[in-house]
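> Shown below is the structure under consideration.
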Amino acid sequence: MGCAGSVGLVDTKRMRSVAFANIQTMPLVQAINLVKTYETGQSVLGMRGTGRVRAVDNVSLTIGRGETLGLVGESGSGKSTLGRMLIRLIEPDSGDIVFDGKELLRAGRAELRRLRRDMQIIFQDPFGSLDPRMTVEQIVCEPIVIHSSDGRKARRQGAAEMMRAVGLDASALARYPHEFSGGQRQRIGIARAMMLRPRFIVADEPVSALDVSVGAQIVNLLKQLQHDFQLTYLFISHSMPIVRYLADRIAVMQQGKLVEVGETERITTAPQHPYTRALLAATPELHATGR
């Protein structure tokens with residue numbers, strides 16, 4: 001079974017300039033004063049505490065069309081909670097979310113169902129996010145079954161095309177998740193997220209469970225898919241080198257708050273906030289070279 005992509009990271013400067021050229025004045029995604037609090041004793045996306053935990057604390061940000069916004073911070077900083085709120089997998093306590101000019105939190109059931117076609121997520125764990133009882137075809141086609149009336153032949157043809165787009169053979173559709181490596185399973189998860197041809201994808205630490213070489217292949221794949229399908233990403237990670245390679249801008253999150261947001265080059269070479277400087281200092285690849 002073939003996998004597309006090479007271990008080395010492809011040149012990013014040209015593709016990043018193309019992404020910036022596609023960003024329009026009106027952002028695709030806006031978060032306005034988002035707040036999410038959890039009660040004592042809950043373990044939510046890696047966060048623990050006593051009393052009430054403010055997972056996301058009055059956060060506002062924008063993501064331009066065709067842009068990759070990298071969201072970085074240590075475990076428990078609220079990154080995943082924020083990402084899932086942006087696509088309404090988690091409901092905020094207060095604030096607003098605007099997607100393509102539409103107020104997401106005020107959308108009715110029919111409109112929200114339609115908008116969900118444009119918003120998908122790639123999960124961190126490429127095994128836990130795939131139902132082991134389902135074939136790859138069932139997994140990849142599930143979004144189409146929910147959101148479309150396409151017949152099985154059309155679904156299977158679309159799934160075969162998407163499998164090839166993520167670097168897997170169409171023959172994989174008849175198999176089960178446990179028959180694949182971690183990197184291949186993540187490609188399957190990406191294919192599932194792509195089946196509805198979304199415009200916005202939340203990539204929630206999609207390479208943190210993979211080894212370095214396989215993770216590099218997945219990052220290259222995400223970059224290529226963005227170019228081919230005109231995608232907008234929120235890329236969540238604790239790895240500053242990966243975020244620097246992939247993102248047009250970086251948002252730094254600490255204890256539920258955004259402490260710094262800016263263009264990637266500025267954040268990684270001239271950070272303003274002490275927490276950002278600490279993250280960079282803890283990253284030998286960036287701290288040592290300054291590049």
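The values are calculated or read from the model by the stated rules, or taken from the named source; none is laboratory data. Every value quoted in this text rests on a predicted model; they were computed, and no experiment measured them. Glycine gets a Cβ as well: all are built from the backbone with ideal geometry, and neighbour counts include every protein chain shown.
> Taking region 161-178 as the region of interest, how many residues are more than 23 Å from the chain's Cα centre (by Cα) and within 13 Å of GLU137 (Cβ to Cβ)?
Of the residues in region 161-178, 8 are more than 23 Å from the chain's Cα centre (by Cα) and within 13 Å of GLU137 (Cβ to Cβ).
> Moving on. Would you mention how many residues in region 138-147 are free of Cβ contacts under 8 Å to residues at least 12 places away in the same chain and surrounded by 13 or more Cβ atoms within 10 Å (Cβ to Cβ)? I'd like the intermediate steps shown before the answer.
Residues of region 138-147 free of Cβ contacts under 8 Å to residues at least 12 places away in the same chain: 138, 145-146.
With the extra rule that they be surrounded by 13 or more Cβ atoms within 10 Å (Cβ to Cβ), the set shrinks to 138, 145.
Selection size over region 138-147: 2.
> Can you tell which of ILE90, ILE97 is assigned to a strand (DSSP E or B), at negative phi and either touching a strand residue (DSSP E or B) at 6+ places or on another chain (Cβ under 9 Å) or surrounded by 15 or more Cβ atoms within 10 Å (Cβ to Cβ) (or both)?
ILE97
> Output the qualifying pairs, or none if there are none: Cβ atoms under 8 angstrom, residues six or more apart or on different chains, first residue in region 167-181 and without any contact (Cβ under 8 Å) to a residue 24 or more places away in the chain and closer than 22 Å to LEU225 by Cβ, second residue among the charged types (D, E, K, R) and surrounded by fewer than 21 Cβ atoms within 10 Å (Cβ to Cβ).
ALA170/ARG164
> Looking only at region 231-255, filter to residues that are part of a loop (DSSP other than H, G, I, E, B) and modelled with pLDDT of 95 or more; which one of those is farthest from ALA165 (Cα to Cα)?
Once the filter is applied, the top-ranked residue is ASP248.
> Separate question: Only one of LEU82, LEU71 is closer than 26 Å to PRO274 by Cβ, assigned to a helix (DSSP H, G or I) and either of a type in the set (Phe, Trp, Tyr) or modelled with pLDDT of 95 or more (or both); which?
Exactly one of LEU82, LEU71 is closer than 26 Å to PRO274 by Cβ, assigned to a helix (DSSP H, G or I) and either of a type in the set (Phe, Trp, Tyr) or modelled with pLDDT of 95 or more (or both), namely LEU82.
> Looking only at region 152-169, decide whether some residue is surrounded by fewer than 15 Cβ atoms within 10 Å (Cβ to Cβ), assigned to a loop (DSSP other than H, G, I, E, B) and of a type outside the set (Gly, Ala, Ser).
Yes, there is a match, as at least one residue in region 152-169 is surrounded by fewer than 15 Cβ atoms within 10 Å (Cβ to Cβ), assigned to a loop (DSSP other than H, G, I, E, B) and of a type outside the set (Gly, Ala, Ser).
> Still on this structure, please answer the following. Looking at VAL207, VAL261, VAL202, which one is within 18 Å of the chain's Cα centre (by Cα), free of Cβ contacts under 8 Å to residues at least 40 places away in the same chain and not in a helix (DSSP H, G or I)?
VAL207
> Then there is this: Kindly indicate the residue of region 170-189 that is over 15 Å from PHE127 (Cα atoms) and of a type outside the set (S, T, N, Q) and also surrounded by the fewest Cβ atoms within 10 Å (Cβ to Cβ) among those meeting that condition.
Once the filter is applied, the top-ranked residue is ALA174.
> VAL259 - would you say it is at pLDDT 95 or above, surrounded by 15 or more Cβ atoms within 10 Å (Cβ to Cβ) and in contact with a Leu (Cβ under 9 Å, 6 or more places away or on another chain)?
So VAL259 does not fit the description; no.
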